[in-house]
There are 6 protein chains.
Amino acid sequence: MSKILYLVPGVGLSEEEMKRREALACSFLTGSGNSVVVDDVTEGPSSIESSVEELMSVPGILKKIDQVQDGFDAVIIGCAGDPGIPAARELSRIPVIAPVEASISTALMLGDKFSVITVLDSIVPAIWHLLRGYGMEQRCASVRVVDCPVLDLAGNKDRVVDALVTEGKRAVEDGAATLILGCMSMAFLLMDELAGDRLDVPIINPAKVSVKAAEMLVSLGLSHSRVTFPRPNMEKLRGSVLKD
Amino acid sequence: MSKILYLVPGVGLSEEEMKRREALACSFLTGSGNSVVVDDVTEGPSSIESSVEELMSVPGILKKIDQVQDGFDAVIIGCAGDPGIPAARELSRIPVIAPVEASISTALMLGDKFSVITVLDSIVPAIWHLLRGYGMEQRCASVRVVDCPVLDLAGNKDRVVDALVTEGKRAVEDGAATLILGCMSMAFLLMDELAGDRLDVPIINPAKVSVKAAEMLVSLGLSHSRVTFPRPNMEKLRGSVLKD
Amino acid sequence: MSKILYLVPGVGLSEEEMKRREALACSFLTGSGNSVVVDDVTEGPSSIESSVEELMSVPGILKKIDQVQDGFDAVIIGCAGDPGIPAARELSRIPVIAPVEASISTALMLGDKFSVITVLDSIVPAIWHLLRGYGMEQRCASVRVVDCPVLDLAGNKDRVVDALVTEGKRAVEDGAATLILGCMSMAFLLMDELAGDRLDVPIINPAKVSVKAAEMLVSLGLSHSRVTFPRPNMEKLRGSVLKD
Amino acid sequence: MSKILYLVPGVGLSEEEMKRREALACSFLTGSGNSVVVDDVTEGPSSIESSVEELMSVPGILKKIDQVQDGFDAVIIGCAGDPGIPAARELSRIPVIAPVEASISTALMLGDKFSVITVLDSIVPAIWHLLRGYGMEQRCASVRVVDCPVLDLAGNKDRVVDALVTEGKRAVEDGAATLILGCMSMAFLLMDELAGDRLDVPIINPAKVSVKAAEMLVSLGLSHSRVTFPRPNMEKLRGSVLKD
Amino acid sequence: MSKILYLVPGVGLSEEEMKRREALACSFLTGSGNSVVVDDVTEGPSSIESSVEELMSVPGILKKIDQVQDGFDAVIIGCAGDPGIPAARELSRIPVIAPVEASISTALMLGDKFSVITVLDSIVPAIWHLLRGYGMEQRCASVRVVDCPVLDLAGNKDRVVDALVTEGKRAVEDGAATLILGCMSMAFLLMDELAGDRLDVPIINPAKVSVKAAEMLVSLGLSHSRVTFPRPNMEKLRGSVLKD
Amino acid sequence: MSKILYLVPGVGLSEEEMKRREALACSFLTGSGNSVVVDDVTEGPSSIESSVEELMSVPGILKKIDQVQDGFDAVIIGCAGDPGIPAARELSRIPVIAPVEASISTALMLGDKFSVITVLDSIVPAIWHLLRGYGMEQRCASVRVVDCPVLDLAGNKDRVVDALVTEGKRAVEDGAATLILGCMSMAFLLMDELAGDRLDVPIINPAKVSVKAAEMLVSLGLSHSRVTFPRPNMEKLRGSVLKD
């Protein structure tokens, strides 16, 4: 029975939307008895559409994880920029799931190259930078956008699905064998389901995959390696940057 | 409720050992109602310790998958050489799980580099070749061996665990953040559990990970991309190479 | 005086066509006194247009090489998928020539990047996979097709040559400095000669290059390294997978 | 006449040490009339010895740059983890100098591979991650440590220089042609000068190189490309994450 | 006070043009008291538009450096093919600046990928070869040409600037974040300034950057590493190939 | 009937030694009627043990090729630094064989990685630079030396063979599957034959392989691609750098 925290790294979501996502996240679970709690941070951006917002979301993420990790078995960072991952893993004992990293891990089992489809041009270089950090630049056929701000996605679902289908087809021309949704708000609108019938290649939903990866690692009793994510001097951190 | 075939690509296992593995594989499942069936091929090697045996196991694998895939939701190729994967995916509609590929996908979420620990020197170049084909050569710190033939593993469990611990420590010196067991018979002896307390880095068990990956892909409704694994001319194949 | 076996890894060729190829292969020889014998396997596909057929051709190849290698100085695997190469080299003492590998070795002396021109889309990912295994993905500008099944090539020679010229020009736009014919049946139709005047870049014929490579290695007294292709337990193999 | 901000991304330095560094930084200037101002952030870690501290330093950096960039011609982020670089460049119009990036740019002109010598094991993976993000993993021979916390460096100068010489010699055995000091506090202790006579390879001081790089870019009239660092929606940012 | 030699590796320039370049090069200096002397070789090509001319320029370069290095603090090889760099560094004690290498070092601080814009198609493969030797092939988005011989550049300034703008825009479509002028004669026509207003990305002028790099290395007291550029047997060289 | 020029790029060889090499080179031929002529340049180094000497050998090579190519079918540059290859191919219509490039092409057919064994430490970085230019750095396990100047090799044959065996064994520990002799004088002492019985891996002799490669390309009617080696403006070259 694993308890998973899905951490929204911003302050923009309504209580209602959080509940909606929690219900969906729970529906993605495989193991009976497992559960997902959706929670947000106390400081952070309203949405993440730039490296600035991505990095400004990290302190809230780290403080929250430090405070609540004892009550959970795994934590998912709820942003497709995978913000703060190395730091979060350093201070966490429980597995920290990075949605794009988990999506890539899935994509590698399904085909040679993948494309990422995200929201806006302003975040595209940050995604390439993320992929390079993962050593996955050569496996990415392209990063494409539906050209819609995060907070406008829900209100423009049809247009966004159309854009996803159009860009997905272009991504296949770029050489993509699979598509990764590069935005968690897109993922919780279940765009993989909406666009799936209109595209011939697998669409990977990072919200679903993150929940599965969290369950898997917990049940395997595996967490990140201290070779790559060494335990920092926690006393020093709690006396300084992690102090509220 | 997904039904997974774990296909042993050889003819060496006793009925009893098959049942033992089936029970274990079922214990690795996360979803209630899911099941794993362990079955073997009708033609193939007694064990796989060379590229020759690896490739000689492929016809049996392909014929079996072609015959039984309608009765299953996913199939795991039960060998850490991932034999015949591209071909198996071409002719299969259901997801085909490659144990080392799935283990790498897990390892990438846990640390920078991994090492593979397998049985004998004679199979080491084949593993490097496999990793190169996956584009993962740079992520592999080393391939090391416990120096014990597959069929002697069960009878030398203590010695093999000792060797696993010794080689695992050397692998960490090589730069490995995680270890992948490079043999399914080692995996079903649960060497990750036996050696886990004596090593400071995560040990990835390909048998466990394969079952999890199969469940995950089935529940996500995802299978391999036809961009990378195009559907062959099945009529031609069934009239020729797949004919019994 | 070296005696070279050109092994057709399928059962589709008529005796007449085998004789025609043998005469041609002999005409590619440089050393007087050398000879090429064309022979086929006893089990295998009628033509190779998928990974399935490629891998199903391997057992026939391995058994034949094991049986006849004492009578030859080198063996050429007669398929541009280079099927079964690691295994064939493990069990062979004489050099085993892989036509695409030998063609790449030649291409590297003639220009920066090469493109492969093969028959059908269904085999393109298998060729990329082969190139990745050789560490040559970055050197390949593109893999293109003439869109004609293997068994229809001879009957559509003009159309195929036209397609080769068209695709060859596109390959040069892709960045190719040289072209490799990615099908042995195309090679034996001498498409390099037919298209040569209409293309400004070298066309590498894998049949010709394979014969030259075989002669060269034999006369240098060189065979593959046991570091990469370790000698397997032959007694075990002959008692199991290599037994007829 | 360029005015350069050297921004200390932490709150640990005494006013006196800041003045000392400012005097040194000014002494590194090439152009007469140019000046360096050393300033720190209002929130941040006391020293940076983990990814956690590195990422917790970013909000202070970004807010400061946003507030003061109009008064300067270039800004140097005073930490050898190059914290927050993509985000800092997104919101900055003036060039933002990353000390390790600038040191690598210098190292590439002096030899094939470099090694980084930093303070503690706990920060080594973060440096490898940084190098991977720069596409420079293959050019780095090793990352080594003097094994001394940042705040203890000044009080253990002799011991640290000895360690630098010892590790520098090991780095040359690793294949390094040049050495990069991987800590700004080491750089301001002028360890390149202290160890220079005892090592046969160039030692690159990131503090000195950063000042030179800042001067150079300003005098060339060059700043970072908006292709890689697109201008974010500043109105949104100033209404949210950049608001004090 | 550093004295820099800018060595023109050919015999084509008029005394007047040499003086013009010297005045410009001096205007690129940052440090007061520093100076640049422009000089040419006694044997060499009239302009460099092929690998042949590039390599034929090397003996003149090496002999000149050997003769005059005692009178200078650094030397710039005045050709964007960076001719003879490894050899020049072997025999030189003072830093030898390679204009394209220095430009890449600058480009890496400004954006992800760069494109090189040079004169003629005949020199494009040589530039790719140079980039490959620097390990920078993956960072180069494209190499493009203004299609004008070196000696015709000055007389066709408007047309060349137009071509630079057109090709620069195409380079951005290729993925370039920055542009490097791939010809020193283009650089001394100050094409970065002429085209700068019409292009949205930084244009890197190798003449300016080379002067800055020379000043920087001299003032840092750094020269190339003997690990990569070992000191040759100078007695042997002066008795043979360096003898006039 | 092909006529091959083996061009010694230096002035150090006695007429007698040239004749000895010519006889040996002819003995490496496969095709009856083919011939090798050994000739040297009129200007160049006495031996090549540094990048300086390598590059100083190029003008002599280029002038000779330009003058004599009409009388030959292929030319081998007789130095294991492959000096001047891009330029030689630009101005040559006949195939230009680069001994190390040809040896690598052979090594790739025999095993995964190779090591190069050359004469002196002073030339090791030049060989790594050459390999990087060929995109082969990752395939090279190590470059090792017998520590003997070129001109002392013949007089110290036993010691050199011992060193070759010792270094060859170390190279195998480095991961080498094959060894390439990195010096043509070593090659003409037939060190592959002398050391062959004492080493378990293939030793590739660049002199032998170059003769075979020349014969092969001539008989295939293939020469280098003008995509990579564009034809320069020959009129300009002959009026300037190629003029005697």
*Could you grab me the full set of residues in the stretch B:186-197 that are aliphatic (A, V, I, L, M), out of contact with any Ser or Thr (no Cβ under 9 Å at 6 or more places or on another chain) and not in a loop (DSSP other than H, G, I, E, B)?*
B:Met191, B:Leu194, B:Ala195
*From the list C:Glu43, C:Glu54, C:Glu49, which residue is in a loop (DSSP other than H, G, I, E, B), within 19 Å of B:Glu54 (Cβ to Cβ), assigned by TED's automatic domain parsing to the domain that holds C:Ser223 and of a type outside the set (A, V, I, L, M, F, W, C)?*
C:Glu43
*Tell me which residues, restricted to the stretch C:29-38, are modelled with pLDDT of 95 or more and surrounded by fewer than 19 Cβ atoms within 10 Å (Cβ to Cβ).*
C:Ser35, C:Val37
*Please verify whether the stretch A:9-20 includes one or more residues that are buried (at least 24 other Cβ atoms within 10 Å of the Cβ) and not in a helix (DSSP H, G or I).*
yes
*Restrict the check to the stretch A:149-170 and report whether at least one residue is small (Gly, Ala, Ser), touching a Lys or Arg at 6+ places or on another chain (Cβ under 7 Å) and closer than 26 Å to E:Lys113 by Cβ.*
no
*Does at least one position in the stretch F:144-165 carry a residue that is assigned to a helix (DSSP H, G or I), small (Gly, Ala, Ser) and closer than 25 Å to C:Ser223 by Cα?*
yes
*asked:* Of the residues E:Met191, E:Met186, only one is more than 12 Å from chain D (Cβ to nearest Cβ), within 14 Å of the chain's Cα centre (by Cα) and more than 30 Å from E:Asp70 (Cβ to Cβ); which?
replied: E:Met186
*Which one of these does C:Val38 not meet: (1) assigned to a strand (DSSP E or B); (2) under 17 Å from C:Pro232 (Cβ atoms)?*
(2)
*Being within 11 Å of chain A (Cβ to nearest Cβ), closer than 28 Å to A:Pro95 by Cβ and touching a Leu at 6+ places or on another chain (Cβ under 8 Å) narrows it down to one of B:Ile117, B:Ile85, B:Ile77, B:Ile104, so name that one.*
B:Ile104
*In the stretch D:198-221, what residues are at the interface with another protein chain (Cβ under 7 Å from one of its Cβ atoms), in a helix (DSSP H, G or I) and not hydrophobic (A, V, I, L, M, F, W, C)?*
D:Lys208, D:Lys212, D:Glu215, D:Ser219
*For the subset of the stretch F:115-159 comprising residues that are on the phi < 0 side of the Ramachandran plot and acidic (Asp, Glu), which member is farthest from the chain's Cα centre (by Cα)?*
F:Asp158
*For residues that are crowded, with 24+ Cβ neighbours inside 10 Å and out of contact with any Gly (no Cβ under 6 Å at 6 or more places or on another chain), scanning just the stretch F:225-244, find the one that is nearest to F:Met184 (Cα to Cα).*
F:Phe229
*Of all residues in the stretch B:128-145, which are farther than 15 Å from B:Ile117 by Cα and hydrophobic (A, V, I, L, M, F, W, C)?*
B:Met136
*(1) at positive phi; (2) part of a helix (DSSP H, G or I); (3) of a type in the set (D, E, K, R): which one isn't true of D:Glu173, the others all being true?*
(1)
*Can you find even one residue in the stretch A:176-185 that is assigned to a helix (DSSP H, G or I) and closer than 26 Å to E:Ala177 by Cα?*
no
*Would you check which residues across the stretch A:154-192 are of a type in the set (A, V, I, L, M, F, W, C) and farther than 16 Å from A:Arg21 by Cβ and list them?*
A:Val160, A:Val161, A:Ala163, A:Leu164, A:Val165, A:Ala171, A:Val172, A:Ala176, A:Ala177, A:Leu179, A:Ile180
*Please verify whether the stretch F:124-144 includes one or more residues that are surrounded by fewer than 24 Cβ atoms within 10 Å (Cβ to Cβ), over 23 Å from D:Gln138 (Cβ atoms) and in contact with a Ser or Thr (Cβ under 7 Å, 6 or more places away or on another chain).*
no
*Filter the stretch A:188-224 for residues that are among the polar types (S, T, N, Q) and touching a helix residue (DSSP H, G or I) at 6+ places or on another chain (Cβ under 6 Å); which is surrounded by the most Cβ atoms within 10 Å (Cβ to Cβ)?*
A:Ser210
_Tell me whether the stretch F:89-104 contains one or more residues that are within 13 Å of the chain's Cα centre (by Cα) and assigned to a loop (DSSP other than H, G, I, E, B)._
yes
_Among (1) under 30 Å from D:Ser2 (Cα atoms); (2) not assigned by TED's automatic domain parsing to the domain that holds D:Met191 - the single one D:Gly133 does not satisfy_ = (2)
*For the stretch D:120-136, what are the residues that are assigned to a helix (DSSP H, G or I) and either within 11 Å of chain E (Cβ to nearest Cβ) or of a type in the set (S, T, N, Q) (or both)?*
D:Ser122, D:Gly133
*Out of (1) in contact (Cβ under 8 Å) with a residue 40 or more places away in the chain; (2) closer than 16 Å to B:Leu120 by Cβ; (3) more than 14 Å from chain A (Cβ to nearest Cβ); (4) hydrophobic (A, V, I, L, M, F, W, C), the odd one out for B:Leu242 is which?*
(2)
_If I go through the stretch F:154-172 residue by residue, how many of them are touching a helix residue (DSSP H, G or I) at 6+ places or on another chain (Cβ under 7 Å) and farther than 12 Å from F:Leu194 by Cα?_
1
*Considering D:Pro230, D:Pro149, which residue is closer than 30 Å to A:Ser46 by Cβ and out of contact with any Cys (no Cβ under 8 Å at 6 or more places or on another chain)?*
D:Pro230
_Residue count for the stretch E:42-68, restricted to those that are more than 7 Å from chain F (Cβ to nearest Cβ) and of a type in the set (S, T, N, Q)_ = 4
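The values are calculated or read from the model by the stated rules, or taken from the named source; none is laboratory data. Please read these numbers as outputs of a predicted model, since none were measured by experiment. Note: ideal-geometry Cβ built from the backbone for every residue, glycine included; neighbour counts use all protein chains shown.
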